[in-house]
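Before any comments, here is the structure.
Just so it is clear, none of the values below were taken in a lab; they were calculated from the coordinates. Fair warning: this is a prediction, and the values are worked out from it, not measured in the lab. Note: ideal-geometry Cβ built from the backbone for every residue, glycine included; neighbour counts use all protein chains shown.
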Amino acid sequence: MLYTPSLRTKNIDAPLWGMTPLPKIQTSVFTKELRHRSVISYQVPSERIRDLVPVEFDLAGTTLLTIESFLDCGRTNFEQTNYRFHVSLNGKPCSWLLGTSLGSLSGVTARHLYPLPWHLSAMEFQVALDPSSDKYKRYRLSSQSQWANADWEILDTGTSLLGEKNIEVTDYFVRRDGEIGSYQTIYKSVGATQGKLKTGRCDLLGSLGILSSDELASPACVALQRAGSCEIKPAACSANVRLAA
């Protein structure tokens, strides 16, 4: 599933590392069913995150930060929140995955297979739909861990957002062994409604100096989706990336 760089050599001044397949992965593509997906978007001054993203990735004056939460419906249902910076590499759009809160003990086993920046968290979804309007009467997600404590509560306006074609996102991230990995997610086209943030708290973003509490309360956009799906596969990319020394 993942393409990751070969192990670092003793020569730290060597050319940028090539991307090689991560061993042990038996399947290269799989589909995830998503429920109660939300995407909260912020525009962040890029100087605040420059030290968090390798220099090979290009930043504009401001960088889009998205906070994506959903219920992953597979063999077991569990909550997940992804924190992404939307950047570019060699002129192509991609994202830098700051990290993921994972609300499942199965994440402990998965961490041995996929060296993603997953952080086991105590997470709780509180959702309720109004059957007469198909709007959310309640949408709230809380998360607690040593990595991040967050609380998101969203009001559903019911206003439809224009549907888009399938969206492809290539995520890069720091593996737990300190190297850089990547994978691609293809979100299937599905309708969404506009949300309004009622509560937004995240100590991680505050401690890293990314967003203040006042800025967290005023996102650029909030979207809600009842259900959807995505396909995850190796990144179709031959880019070479290294961490700054």
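List of remarks:
- 19 Å Cα-Cα reach of LYS196 towards aspartates and glutamates, excluding residues that sit fewer than 8 places from it in its own chain: GLU68, ASP130, ASP134, ASP151, GLU153, ASP156, ASP214, GLU215
- A cut-off under 13 angstrom between Cβ atoms defines the neighbours of ARG84, and their net charge, with Lys, Arg +1 and Asp, Glu -1, is -2.
- Take the Cβ atoms of HIS86 and GLU124, set R0 to 25 Å, and the FRET efficiency comes out at 0.35.
- The ARG140 and ARG176 beta-carbon pair, evaluated with R₀ = 35 Å, returns a calculated FRET efficiency of approximately 0.70.
- Net charge over other residues, Cβ less than 14 angstrom from the Cβ of ILE40 (K, R count +1; D, E count -1): +1
- Note, ³J(HN,Hα) from phi for the range 29-39, Karplus 6.51, -1.76, 1.60, rounded to Hz, x at Gly and Pro: 9, 8, 10, 10, 9, 10, 10, 6, 7, 10, 10
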